[in-house]
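A quick write-up on the structure given underneath.
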Amino acid sequence: MLRKNTSSFERVEQILILSTLFLLVVITVQPILNLLAISLSDSSKVPLMSGLTIIPEKLSFDVWAILFQHPRVLTGLANSVFIAVVGTILNVVFTALMAWALSRPKLPGRRILFIFVLITIVFEPGIIPDFFVVKKLGLIDSYWSVILYKMVNAWYLIILIRFFEEIPNELIEAVELDGANAFQVLWLIVLPLARPALATITLFYLVYHWNDFLRPMIYFNDQDMWPLQVVLRQFVVEGDKAAMVGIEAMGNYDGASQINMRSLKAGMIIFTIAPVLFIYPLILKFFTKGTMSGAVK
Amino acid sequence: MFISLRAWWPYYVMILPGIIYFILFHYLPIYEAKLAFENFRIFGDNIWVGLDHYSRLMTSPVFMQVLINTLIISAMKMLFVFPVPIFLALLINEVRATGLRKFIQSAIYLPHFLSWVVIAGIFIAALSPSNGAVNDIIKGAGFAPISFMTDAGSIRWVLVFSEIWRSAGWDSLLYFAAIMAIDPQLYEAAEMDGANRWQKMTIITIPGIVPTIATLFILNIGLFLNAGFDQVFNMTNDAIRDKIDIIDTYVYRIGLQTGQFSLATAAGLFKGLIGLVMIVGAHNFSKKLTGKGVW
C-alpha cells in the first residue's frame, strides 16, 4: 500500500521533471526552427506568419536562391571558410608544439615560460592598444590581423599541456633512448595518444574563428574581406538593407525587391549557423568528452 | 648547464613561434597601453599628460553611468544566470533513460556555439512586437505587445534571458560532470536506508557539487567586470544605450568610433588593472578554499 503511494508520487515527479526539460528544449530549438520555416515560406505569406510556427507556409526557395547567388554572401562564406581553416591549422600546430615543450617537466625555464603565458590571461589592456599594435605591424586590411589573433590561446594551451602531462613518462623516455628526437617523439607518440584532446581544441578554435565578428569589423575596411558574421551583423543587427540587397543591385536579382526582408534576414541567420550545425555532432562527441575529463571550458 | 641547454634546443625551437606571438599580440599591447597617460597625436610623438585622462574619466557622468551599468548587469547575471545551470544539471540527472538524456543535452548545449551576432538576430526576431514568438503569446493572452529590445525597463532582462538561453545548457555540463563523479555507492547506501529522490538530491548530490559551485562562483566574481561585450554590442540601440552601455562597449565607442583614443585606452586599462587584481584574488582565494585554482 505504502509502496504503491510512493511510486505514483514518483511518477508525478518524473512527469514534472521531464515536462520542464522538454519545455527548455522547445525554448532552445523553436526560435531556430521558426527562422528556418520563415526563410522557406513564400514572401506573400511571411508578413502574417507568427513567431510561434515552425512549419513553412507555401514552401518557397526564393530566399535561398538569392542567398546562394548573392556576391556579398558568397564572398562572406569564402572569407569565413578561409579564415577559419587557415587560422585553425596555425592554431593547432603552434599550440601543440608549445604545449609539448612546456609539458616536459625538466625543461629549463619552464616556470618562467608558464608565468609569461599566465600574465596574458590575467591582464588584458583592452582593444585600443590591440588596434595600435595591428596598425603598427601594418596588418590593417590584411587577413593576418584576424588569423593570427589568438594564434595560441592560453587557456587551450594549458588544457593541452595538462593532457600531455598525463602521457606516461617511461613511454616517452623509452622512445628517446631509441634515438628519437623531440619532433619525432611528438609526432609518433604524443600526438597519436592525444587525439581526443587535439580534436577538442581544433573544434574550439574552428568555432572561435567562425563566430568572430569584432576583429574583422575593426581591421577590414574592405567589405570584400568581410566574413559572414560581419555581413550578417550589418544586415540583421544594424538593419542596413542596402548592404544586403545593394542600392545599385536592387533590380538585378529576380524579384529581389519583392522579397520579404524578414524572410531574407531569417535565411541569412540560418545560412550563417548552418556550418556550425553541420559539425555539431562532432562537437558533441569530442567537447563533452573533453569537458568530462576535467578540462574546464 | 650549457650542455643541458644544448640538449633542450629542439624544444625551444618549438616554443619560439608561440613566444613571438605572445610578445607581438599580448606584450606589445601592454606597452602600447601607455597611451592612457598621453595625448594621442596623428603627426609627431604623443605628449605625456600623466593621469589627466583618469581625472577626466572619474568626473565624467557618462563613465560613471557606464561603471554602474557594468556592475548592475554583472550582478543581475550573478543572481539570475549563475544558479540556472545548477538546477538544470540536477534535473538532467533525474532523467534515467540515457537516450532521452543525451537528446535533451544535445539540444540545450547548441546555443553556446552560436555567435552573439546570430543570437542577437534570433532575439530581435523572437521579441519583435509585430510577430515575434514572445509577443504573439502576450497578445494571445490579451495584453498589449512590448517592444523589449527598445524598452528601457526590459532591456537588461533581455540580456539576462539571452545569457541564460546561450550558456545555461552548456554550463550545466560542468555540474553534470561533477555529479557523475560522485561515488555511486553513496546512492546505493541511501536507497537501502529508504531515501527518496528528494533526500538523495539534498543529502548526496548537492553537497557533492558544492566545490564545483564554489570554484565557478569565485571565477565569476573574478571576471565581474566582463559584463559581456559581444552580447551588449549586438543587442544595443539608440533607444536603450544608456541602460546597457558597459565599460567594454564604451571603450569601443569613444575609441574606435569617435577617435578619443587616449581616453578610451585609459578606460580600458582601468578595467584591465582592476580585473587583474580581481582574477588573481579569486585564484588565490579559490586555491585556499578548495585547493583548486582558476588556472
Residue list for segment A:217-229, restricted to those being in contact (Cβ under 8 Å) with a residue 24 or more places away in the chain, in a helix (DSSP H, G or I) and over 9 Å from A:S80 (Cβ atoms): A:I218, A:Y219, A:Q223, A:D224, A:M225
Given (1) within 27 Å of the chain's Cα centre (by Cα); (2) aromatic (F, W, Y); (3) within 9 Å of chain A (Cβ to nearest Cβ), number of the condition B:Y12 does not satisfy: (1)
Residue that is nearest to B:S55 (Cα to Cα) [pool: residues in segment B:237-279 that are in contact with a helix residue (DSSP H, G or I) (Cβ under 6 Å, 6 or more places away or on another chain), within 11 Å of another protein chain (Cβ to nearest Cβ) and β-branched (V, I, T)]: B:T265
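Regarding A:K106, is this residue surrounded by fewer than 19 Cβ atoms within 10 Å (Cβ to Cβ), more than 16 Å from B:I20 (Cβ to Cβ) and of a type in the set (K, R)? Before you say what the answer is, go through the steps one by one.
On the way: surrounded by fewer than 19 Cβ atoms within 10 Å (Cβ to Cβ): yes; more than 16 Å from B:I20 (Cβ to Cβ): yes; of a type in the set (K, R): yes.
It is true that A:K106 is surrounded by fewer than 19 Cβ atoms within 10 Å (Cβ to Cβ), more than 16 Å from B:I20 (Cβ to Cβ) and of a type in the set (K, R).
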Of residues in segment B:29-55 being at the interface with chain A (Cβ under 9 Å from one of its Cβ atoms) and surrounded by 19 or more Cβ atoms within 10 Å (Cβ to Cβ), the one farthest from A:F132 (Cα to Cα): B:A36
Residue match in segment B:210-218 (condition: touching a residue at least 12 places away in the same chain (Cβ under 8 Å), more than 9 Å from every other protein chain (Cβ to nearest Cβ), closer than 29 Å to B:Y27 by Cβ and small (G, A, S)): no
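Whether any residue in segment A:157-166 is assigned to a helix (DSSP H, G or I) and of a type in the set (K, R) is what I want to check. Give the derivation first.
Restricting attention to segment A:157-166, the residues satisfying the condition of being assigned to a helix (DSSP H, G or I) are A:157-165.
With the extra rule that they be of a type in the set (K, R), the set shrinks to A:162.
Within segment A:157-166, one or more residues are assigned to a helix (DSSP H, G or I) and of a type in the set (K, R).
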Residue match in segment A:153-173 (condition: of a type in the set (G, A, S) and more than 10 Å from every other protein chain (Cβ to nearest Cβ)): no
Qualifying position, being at pLDDT 95 or above, under 27 Å from A:F271 (Cβ atoms) and of a type in the set (S, T, N, Q), among B:N135, B:N69: B:N135
In segment B:157-194, the residues that are among the hydrophobic types (A, V, I, L, M, F, W, C), within 18 Å of B:R101 (Cα to Cα) and in a helix (DSSP H, G or I): B:A168, B:W170, B:L173, B:L174, B:F176, B:A177, B:A178, B:I179, B:M180
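Is it true that B:G121 is part of a helix (DSSP H, G or I), in the same structural domain as B:Y252 (by TED's automatic domain parsing) and surrounded by 22 or more Cβ atoms within 10 Å (Cβ to Cβ)?
Values: part of a helix (DSSP H, G or I): yes; in the same structural domain as B:Y252 (by TED's automatic domain parsing): yes; surrounded by 22 or more Cβ atoms within 10 Å (Cβ to Cβ): yes.
The answer is yes for B:G121.
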Selection within segment B:90-122 - over 18 Å from the mean Cα position of the chain (by Cα), touching a residue at least 12 places away in the same chain (Cβ under 8 Å) and more than 8 Å from chain A (Cβ to nearest Cβ): B:L90, B:N93
All helices (runs of 4 or more DSSP H) inside segment B:209-277 with 3 or more residues being buried (at least 19 other Cβ atoms within 10 Å of the Cβ): B:229-235, B:247-252
Filter pass, B:F285 being away from chain A (no Cβ under 13 Å) and closer than 26 Å to B:I73 by Cα: yes
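Whether any residue in segment A:4-22 is closer than 15 Å to A:N260 by Cβ and part of a helix (DSSP H, G or I) is what I want to check. Full working, then the answer.
Narrowing segment A:4-22 to residues closer than 15 Å to A:N260 by Cβ: none.
No - not one qualifying residue is present in segment A:4-22.
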Residue within segment A:36-51 that is over 30 Å from A:P227 (Cα atoms) and loosely packed, with under 13 Cβ neighbours inside 10 Å present: yes
Test: residue in segment A:65-72 that is more than 12 Å from chain B (Cβ to nearest Cβ) and outside any helix (DSSP H, G or I): yes
Residue tally, condition at the interface with another protein chain (Cβ under 10 Å from one of its Cβ atoms), without any contact (Cβ under 8 Å) to a residue 12 or more places away in the chain and small (G, A, S), over segment B:133-176: 2
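The values are calculated or read from the model by the stated rules, or taken from the named source; none is laboratory data. Computed from a predicted structure; not experimentally measured. Cβ atoms come from the backbone with ideal geometry, glycine included; neighbour counts cover every protein chain shown.
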